[in-house]
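**Student:** I am attaching a structure below and will ask some questions about it afterwards.
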Amino acid sequence: MTHKILKKFYEYCEENKFRLTAPRAEVLKIIIASNKPLGAYEILDKLKGVFKNPKPPTVYRSIEFLQDKNFIHRIESLNAYVACHIDHLHKDSQFMICDDCGIVIETHQCEIPKFLKDSAEKNTFTPSRWNFEIHGICAKCV
Ligand SMILES: [Zn+2]
Ligand SMILES: [Zn+2]
């Protein structure tokens, strides 16, 4: 059975006339299959099980495409990627990262919290993108 994120990705590419290349699909599959964030080199390593001689630029281009289309998110503090499990396209995110097992939980808050919005306004600052990461311990590891 095709994973629902993958299915959504196939449909999205078809609707928008984006090329559904094998590396793009395989990189997404690898990220979906992982239960913790993966770095670019871990993805490249796993890709070796699928393609003969994958090159880093292939991985980077696929990651860039998937990230740009919001199918994966970059966890800045880990320099790694997770699949987006929230069923809508959104620009900004908050993540809770378990320092013990490495699981990443995406919160549904896609808006800048009000006190930060107010503070930005007070400073006449226009936010363009943001990323909020909280490290801690998940329910399973507590
Ligand atoms: Zn998401
Ligand atoms: Zn945990």
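The values are calculated or read from the model by the stated rules, or taken from the named source; none is laboratory data. For clarity, every value in this text was computed on a predicted model and none was experimentally measured. In this analysis, Cβ positions are derived from the backbone assuming ideal geometry, glycine residues included, and neighbour counts consider all displayed protein chains.
**Student:** Mind counting the residues in region 68-79 that are among the basic types (K, R) and within 16 Å of ligand 2 (Cβ to nearest atom)?
**Tutor:** Residues in region 68-79 being among the basic types (K, R) and within 16 Å of ligand 2 (Cβ to nearest atom): 0 in total.
**Student:** Would you check which residues across region 80-109 are more than 16 Å from ligand 2 (Cβ to nearest atom) and modelled with pLDDT of 95 or more and list them?
**Tutor:** Y81
**Student:** If you don't mind, there's one more thing I want to ask. Sort through Y41, Y81, Y60 and tell me the only one that's of a type in the set (S, T, Y) and under 13 Å from the mean Cα position of the chain (by Cα).
**Tutor:** After applying the criteria, what remains is Y81.
**Student:** Being on the phi > 0 side of the Ramachandran plot and over 19 Å from the mean Cα position of the chain (by Cα) is the filter here; which residues of region 96-135 pass it?
**Tutor:** If the condition is that a residue be on the phi > 0 side of the Ramachandran plot and over 19 Å from the mean Cα position of the chain (by Cα), then T124 is the only one that fits.
**Student:** Out of curiosity, is H85 within 16 Å of ligand 1 (Cβ to nearest atom), under 30 Å from T21 (Cα atoms), in contact (Cβ under 8 Å) with a residue 40 or more places away in the chain and part of a loop (DSSP other than H, G, I, E, B)?
**Tutor:** yes
**Student:** For region 11-33, give me the residue count where each residue is among the hydroxyl-bearing types (S, T, Y) and either part of a loop (DSSP other than H, G, I, E, B) or at pLDDT 95 or above (or both).
**Tutor:** Adding up the residues that qualify gives 1.
**Student:** Kindly establish whether V59 is under 20 Å from V27 (Cα atoms), among the β-branched types (V, I, T) and within 16 Å of ligand 2 (Cβ to nearest atom).
**Tutor:** It is false that V59 is under 20 Å from V27 (Cα atoms), among the β-branched types (V, I, T) and within 16 Å of ligand 2 (Cβ to nearest atom).
**Student:** Which condition does F71 not pass, out of (1) more than 16 Å from ligand 1 (Cβ to nearest atom); (2) assigned by TED's automatic domain parsing to the domain that holds E11, if it passes all the others?
**Tutor:** Among (1) more than 16 Å from ligand 1 (Cβ to nearest atom); (2) assigned by TED's automatic domain parsing to the domain that holds E11, the lone unmet condition for F71 is (1).
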